[in-house]
Every structure is written in C-alpha cells, then in structure tokens.
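Report on one structure; see the data block that follows.
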Amino acid sequence: TFLMNTEKPEIVRKAVLILWATLGVGFIRSMIEFPRLAEQSAAVGGAGFANFIQMFVFLFMVGLIWAINKRKNWARWTYIVLFVLGAPLAISPLIQSLTHSPFSGILGLAQTAGQIVAAVFLFQAPAREWFKNQPQHSPSL
C-alpha cells in the first residue's frame, strides 16, 4: 500500500544515530592520530594542512548527516558514493593505524563497521520509500 508517510522510519533514525556515532569516533581517532598525520603531511604544510583537512572532512560530514536526517535523497546517495569510493583508500591507513596505535586502529574498525551498517540501513526498503516519497508542500499565500 502506498502511504505518503512523513514519519521517519526507525531504520533511518538508527542509521543517522550510527553516523553521528561514527563521526564522534572519527573525531577521537583524529586526535589520537594527529601527530602522525602532521608528520606525514610535513611536505605539504604539516600540522596546519592536516588540521585543515580534518576540519573540512568533519564539517562536510556534519552537513551530510544533517541532510540525510532532513530527508535529502542526494545526501544519502552522496554518502554511499563517497563510502564506496573511499573504502579501498582507507584500508592502508587503517592497517597503519592498527600498527602504530592499536587502540585507534580498533576504533577505526568499529567506525568502518558502523559506516557499513548505516549504509545498509539507508538503502533498506523502508528508508528507500521514505526518501523517494517526499511530501508535497502547497505554496503558502
């Protein structure tokens, strides 16, 4: 049956909560990994460059999660595309993290697992229907 349901499905609520949690874990990891990242980026600006990139990514993700929560279908698709493209590029840094800072590496594994779960949740049938069936707003006078 077709319902123009404006209520957010529980699976979307869970996905958004998981995304906020993974962002928090990422923030903690960035603080743990910052000295190593600053050293690795010395050739392109060092700590300042590393800090700029981390803040840009963090703020971008805040906006993306907010947009997903506000039923923006483009944000859901942007998330999945960036996740699929970024996952292979994250393997080497995750292995390095496990080697240099096992606690951060374990957090990274948990973060990745959460991101996978959120992606799956956002593309389950109730979520797909909720994003697809946007309520129609009549123009106000």
So, relative contact order of the chain in percent, Cα under 8 Å, 6 or more apart, is 43
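Once fully extended, how much extra length lies between Glu39 and Phe56, figured as 0.36 nm per residue of separation less the alpha-carbon to alpha-carbon distance? Before the final figure, lay out the partial values.
Details: separation 17, 0.36 × 17 = 6.12 nm, distance 1.89 nm.
Length gained, Glu39 through Phe56: 4.2 nm.
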Of the residues Leu98, Leu37, Ala75, the Cα lying farthest along the dipole of the chain towards its positive end, which is defined by charges on the beta carbon of Lys, Arg, Asp and Glu, belongs to Ala75
Long-range alpha-carbon pairs in the chain, meaning those over 22 Å apart, account in percent for 46
In this structure, the FRET efficiency calculated for Phe27 and Phe83 from their beta-carbon separation, with R0 = 25 Å, to the nearest 0.05, is 0.90
Residue ranges of DSSP H helices in the chain that stretch 20 Å or more (Cα, own long axis) and have mean Kyte-Doolittle hydropathy of at least 1.0 are 46-69, 102-122
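A short reminder: the numbers here are calculations on the coordinates, not readings from a lab. Given the structure is predicted, the values throughout are model-derived calculations rather than measurements. Cβ atoms come from the backbone with ideal geometry, glycine included; neighbour counts cover every protein chain shown.
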